[in-house]
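The values are calculated or read from the model by the stated rules, or taken from the named source; none is laboratory data. Being a predicted model, the structure only gives us computed values, none of them experimental. Positions of Cβ are backbone-derived with ideal geometry, glycine not excepted, and every protein chain shown enters the neighbour counts. Areas reflect the complete protein model, heavy atoms only, side chains present, ligands, DNA and RNA absent. Shrake-Rupley method; radii C 1.70, N 1.55, O 1.52, S 1.80 Å.
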Amino acid sequence: MKILHCPLNGPRNISEFVCGGEVVEMPDPGAATDADWSDYVFGHENARGTVREWWFHVPTAYWFIAERDTGTDEILRTYPASEIFGRVPP
Amino acid sequence: MAEPASYARRSFVYRELAACGARFGGVAGAAVALDFGEPGTERQSLARLGLCDLSPLPRVGFKGPAALDWLRARRVLGLDRDNRADMQRGGALAARLAPTEALILGNLTGRGNLCGRLETALDADPEPGCYKVLRRDGSFHFLLGGMHAAETMATLCGVDLRARAFPAGSIAQTSVARMSMIVIAVSLGEIPAFHLLGDSASAAYAWGVLVDAMTGFDGKPVGLDAVRDALGNGAGPG
């Protein structure tokens, strides 16, 4: 069983996780064209190399970020989403 | 013997318990399986391997960016590390599940009412960023205890729950028998045990899976009296 390190829960079987796709910036809802939205929702870079992805730990409903090499399928680093997006205000 | 259906609150698995010969009594306004007809020997059964249903007992969760600070302001101890549970002065257990979530398990001996006091306080004076999670309705609560508890869990779960890797106070939020569960290690006096909490909709399935897993180690369902007896002989968290 492949092991993925969850930033909240530590090492867990990969079967406890779901991949949420690449981390991409959402277009400005007020200015985006249909093509922009289509690319945001359906388009994937799918490049070989290191990608930054959303991953979800199902038992805790916890979303975090993983950097993965798409060539070797090796998880290089995992960290809380707050490292990129900051703390959500109360 | 009390009839479970005569109580407004009863376990999600009270039919399964009754089928195993449970004798019920009223605790905290709910029908709880106190023993399974062998009150004198269930303490010994628990020392080896026993499964106790605690679902009708008080428990509550709090969630939100202000939840932990709100609990600390009400003298809830610990809550300083994720996935760590701390015993409270009144015998309740406070578990920090995430930087924004905590779970309170009431005292199993029936003393104290931390869950009720916290719920009443938040209802009376709502705090922005702190929300109640109705764990007593949404989650089943079992306790698997005994010298073979970790071995039994090893047949259902990928996390190493042996005492040297997972001492009392540790929490694993993980998959157990393909269900998402919260596993909290505690000591009932000398007896190692795990609190197990999961989706109440899966309670009957989880009870059956755990009873089946125990058969390899001669485990049995035990009543709340056996757990209270074990707690009475030690200072373990309840």
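Pairs under 9 Å by beta carbon, first residue farther than 23 Å from B:L196 by Cα in region B:59-72, partner basic (K, R), six or more apart or different chains?
B:P65/A:R87
Would you pick out the residues in region B:147-167 that are among the hydroxyl-bearing types (S, T, Y) and either within 14 Å of chain A (Cβ to nearest Cβ) or in contact with a strand residue (DSSP E or B) (Cβ under 8 Å, 6 or more places away or on another chain) (or both)? Lay out the reasoning, then the answer.
In the first step, residues of region B:147-167 are kept if they are among the hydroxyl-bearing types (S, T, Y); the result is B:152, B:155.
Correct list: B:T152 only.
List the residue pairs whose Cβ atoms are under 7 Å apart, where the first residue sits in region B:101-117 and is under 21 Å from B:D225 (Cα atoms), the second is open to solvent by 40 Å² or more (accessible area, probe 1.4 Å) and of a type in the set (A, V, I, L, M), and the two are 6 or more positions apart or on different chains.
B:G110/B:A28
Does region B:148-179 hold any residues that are in a strand (DSSP E or B), under 19 Å from A:M1 (Cβ atoms) and hydroxyl-bearing (S, T, Y), and which are they?
Once the filter is applied, which keeps residues that are in a strand (DSSP E or B), under 19 Å from A:M1 (Cβ atoms) and hydroxyl-bearing (S, T, Y), region B:148-179 yields B:T174, B:S175.
From the set of residues in region B:1-29 that are under 17 Å from the mean Cα position of the chain (by Cα) and assigned to a helix (DSSP H, G or I), which is farthest from B:D199 (Cα to Cα)?
In this case the residue turns out to be B:L17.
Those residues that are surrounded by 23 or more Cβ atoms within 10 Å (Cβ to Cβ) and of a type in the set (G, A, S), I need them from region B:77-93; list them, please.
Across region B:77-93, the qualifying residues are B:A85, B:A92.
Mind checking which strands (runs of 3 or more DSSP E) fall wholly inside region B:30-71 and carry at least 2 residues that are more than 15 Å from the chain's Cα centre (by Cα)?
B:30-35, B:59-63
Does B:L122 meet the test of being more than 14 Å from every other protein chain (Cβ to nearest Cβ), touching a Cys at 6+ places or on another chain (Cβ under 9 Å), modelled with pLDDT of 95 or more and farther than 23 Å from B:R228 by Cβ?
Details: more than 14 Å from every other protein chain (Cβ to nearest Cβ): yes; touching a Cys at 6+ places or on another chain (Cβ under 9 Å): yes; modelled with pLDDT of 95 or more: yes; farther than 23 Å from B:R228 by Cβ: yes.
Against the criterion (more than 14 Å from every other protein chain (Cβ to nearest Cβ), touching a Cys at 6+ places or on another chain (Cβ under 9 Å), modelled with pLDDT of 95 or more and farther than 23 Å from B:R228 by Cβ), B:L122 qualifies.
Considering only region B:4-36, state which residues are of a type outside the set (A, V, I, L, M) and farther than 25 Å from B:Y205 by Cβ.
Scanning region B:4-36 gives B:S6, B:G25, B:G26, B:G29.
Restricting to region B:99-147, name every residue that is of a type in the set (S, T, Y), in a loop (DSSP other than H, G, I, E, B) and open to solvent by less than 50 Å² (accessible area, probe 1.4 Å).
Within region B:99-147, just B:T109 meets the criteria.
In region B:59-107, how many residues are over 26 Å from A:N9 (Cβ atoms) and in contact with a Leu (Cβ under 9 Å, 6 or more places away or on another chain)?
Of the residues in region B:59-107, 5 are over 26 Å from A:N9 (Cβ atoms) and in contact with a Leu (Cβ under 9 Å, 6 or more places away or on another chain).
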